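The values are calculated or read from the model by the stated rules, or taken from the named source; none is laboratory data. Note that the structure is predicted; figures quoted are calculated from it, not measured. Please note: Cβ atoms are built from the backbone with ideal geometry, for glycine as well, and neighbour counts cover all protein chains shown. Please note that ligands, DNA and RNA were not included when accessible areas were found on the heavy atoms of the full protein model with its side chains. Shrake-Rupley method; radii C 1.70, N 1.55, O 1.52, S 1.80 Å.
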Amino acid sequence: VIFIVGKRGSGKSYSASVIAESMVDLEEEIAKNLAIIMIDTMGVFWTMKYPNEKDQDLLEKWKLEPKGLKKIEVYTPIGMFQETLDKGIPVDKPFSIQATELSGEDWRLAFELPSSHPVGILIDKMLGDFADQRIYTYNFDDMIKAAEKDNSFDNNTKNETINRLKVAKTWGLFSDEPTKISDLIQGGKVTILDTSAYITSNAGWAVRALVVGLVTRKIFIQRM
């Protein structure tokens, strides 16, 4: 376990990048057993694709030369993919998750709700109803329809739930064909999951926490 800590601008991200680059630059027999995922909340790690010309003088002292990392793929949320490309950021693939992958607890995390909040309780009931009916594939429209038809909650709770689901739909994070964890985890390669698009979003921290939670859970399950 490595913990990198320091004040802003002291080189934490730089150090993490060096560690990642050094791991994939090991001999092929070793590197192929290592898979690196970097969740980028600030939008800086895509620069690993390019040679570090800025520190060329320092590198020369160590008999090194600037070089871009070739074994790297940058993902960004599917709804921001084209916009990110248009800004000139070299993203490679869109990243998405499926609504069915979220538990009631995940939705509460995303909406920043306490466990006793009526919206969270309604979503829990909705997911339970889907499971009872053996409905394992559903999207936002299906969830909104289920909330509209549920007569066990008052209209205020139903309307708030529907509005929150509609907002979540605009996050650009969900699709019916989610990214496979096997695509993110590849031996000898660095995968950057760029969530910096949510920095200016009202629910930015919650959405980024949701992505981190889901990805790490998928990795754990895959590993087990």
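From the Kirkwood radius over Cα pairs of the range 49-200, Stokes-Einstein at 20 °C and 1.002 mPa s returns a whole-number translational diffusion coefficient of 117 µm²/s. Under 5 Å from the amide H of VAL74 lie the amide H atoms of ASP92, LYS93, ILE192, each residue being 5 or more positions distant or on a separate chain, with H modelled from the backbone and absent for Pro and chain starts.
Of all trypsin sites (Lys or Arg not before Pro) in the range 120-224, which ones are in loop regions per DSSP and have a Cβ with at most 11 other Cβ atoms within 10 Å? Listed in order of number, the matching sites are ARG134, LYS180. As a size descriptor, the averaged projected area of the C-alpha convex hull of the range 37-85 was calculated at 4.5 nm².
Annotation: amide H-H contacts under 5 Å for ILE39 (H modelled 1.01 Å from N, sequence separation of 5 or more, or interchain): LEU193. Ligands, DNA and RNA aside, TRP171 has an accessible area near 20 Å² when probed at 1.4 Å. Any chance you could give the angle, 0 to 90 degrees and rounded to 10, that helix 140-149 forms with the longest Cα principal axis of the chain? Between the helix axis and the principal axis of the chain, the angle is about 20 degrees.
Along the charge dipole of the range 53-211, which of SER116, TYR136, ALA146 sits closest to the positive end, that is, farthest toward it, with unit charges on the beta carbon of Lys, Arg, Asp and Glu (+1, +1, -1, -1)? Positive-most Cα among the choices belongs to TYR136. Per residue, the convex hull spanned by the Cα atoms of the range 57-98 measures out at 99 cubic angstrom. Put simply, the amide H of LYS189, placed in the peptide plane, has neighbours under 5 Å in ILE36, leaving out anything fewer than 5 places away on its chain.
The dipole here belongs to the range 1-130: it is taken about the Cα centre, uses +1 on the Cβ of Lys and Arg and -1 on the Cβ of Asp and Glu, and is about 380 debye. Using a Debye calculation, one point per C-alpha and no hydration shell, please list log10 I(q)/I(0) for the range 43-118 at q = 0.17, 0.19, 0.22, 0.24 Å⁻¹ in order. Treating every Cα as an identical point scatterer, log10 I(q)/I(0) equals -0.81, -0.88, -0.99, -1.06. Each of the GluC sites (Glu not before Pro) that DSSP puts in a loop and that has at most 15 other Cβ atoms within 10 Å breaks the chain; the longest unbroken stretch is 113-224. Sorted from greatest to least, the principal axis extents spanned by the alpha carbons of the range 137-224 come out as 53, 31, 19 Å. Which log10 I(q)/I(0) values does the range 1-81 give at q = 0.12, 0.16, 0.18 Å⁻¹ under the Debye formula, counting every alpha carbon as one identical point scatterer? The Debye formula, applied to the Cα set alone, gives -0.42, -0.75, -0.94. Of the chymotrypsin sites (Phe, Trp or Tyr not before Pro) in the range 1-101, the ones in a loop by DSSP (not H, G, I, E or B) with at most 15 other beta carbons within 10 Å are PHE3, TRP62.
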